[in-house]
Amino acid sequence: MGRMSYKDLEIYKLTHKLAVEVHKTTPECLPKYEMYEEGSQIRRSSKGISSAIVEGFGRKQYQQEFMRYVSFAIASCDETREHLDLLYESGSLADQTLYNDLFQRYAELGKMLYGFRQAIENNLKSHSLEPVP
């Protein structure tokens, strides 16, 4: 059996899928003038979530670093939700169903990311209690 990859993480799979969806959807649902303003920002922040998971996973042997990158992912998730709100409330994202769906999925993702960070922290605490050989 090979070593585990970040691609094996369910949280990565979800963040990657959402980023691809936002990337594909924004050109279709936003006015042209938003493609280089909020459209660009939401694509960047949505991709930043999965990127932070990948980079953190690469540093997983240093659990504090892994937690730090998961915190970056949480911040990017919050930023993505803010961009969704701005687009919807400004009328640039007129599709309420799409807005509601994406906002809810990013809200759930935020909860998962907090849980993921907590699991890493709990693992770190449990290992720090063990005697050093």
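The values are calculated or read from the model by the stated rules, or taken from the named source; none is laboratory data. Fair warning: this is a prediction, and the values are worked out from it, not measured in the lab. Every residue, glycine among them, receives a Cβ derived from its backbone with ideal geometry; neighbour counts consider all protein chains shown.
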Here's a check for you: in region 65-103, which residue that is out of contact with any Asp or Glu (no Cβ under 9 Å at 6 or more places or on another chain) and among the polar types (S, T, N, Q) is surrounded by the fewest Cβ atoms within 10 Å (Cβ to Cβ)?
T97
So, of the residues in region 105-121 that are of a type in the set (F, W, Y) and over 10 Å from the mean Cα position of the chain (by Cα), which turns out to be nearest to Q63 (Cα to Cα)?
F116
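For (1) modelled with pLDDT under 95; (2) in contact with a Phe, Trp or Tyr (Cβ under 7 Å, 6 or more places away or on another chain); (3) of a type in the set (D, E); (4) over 25 Å from M4 (Cα atoms), each residue gets a yes or a no:
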site	(1), (2), (3), (4)
E37	yes, no, yes, yes
V54	no, yes, no, no
Q96	no, no, no, yes
E121	yes, no, yes, no
Show the residue pairs meeting these rules: Cβ distance below 7 Å; 6+ apart or different chains; first residue within region 36-47 and surrounded by fewer than 19 Cβ atoms within 10 Å (Cβ to Cβ); second residue not hydroxyl-bearing (S, T, Y).
Q41/H83
Only one of these conditions is not met by K32: (1) of a type outside the set (G, A, S); (2) at pLDDT 95 or above; (3) surrounded by fewer than 22 Cβ atoms within 10 Å (Cβ to Cβ). Which number is it?
(2)
Would region 52-62 turn up any residue that is of a type in the set (G, A, S) and not in a helix (DSSP H, G or I)?
yes
Of (1) surrounded by fewer than 19 Cβ atoms within 10 Å (Cβ to Cβ); (2) among the basic types (K, R); (3) touching a residue at least 12 places away in the same chain (Cβ under 8 Å); (4) within 18 Å of L14 (Cα to Cα), R117 satisfies all except one. Which?
(1)
Give Y69, Y62 a once-over and let me know the one that is hydroxyl-bearing (S, T, Y) and at pLDDT below 95.
Y62
Can you list residue pairs whose Cβ atoms sit under 7 Å apart, with the first residue in region 51-67 being touching a residue at least 40 places away in the same chain (Cβ under 8 Å) and the second being of a type in the set (G, A, S)? Count only pairs 6 or more apart in sequence or on different chains.
I53/A73; F66/G56
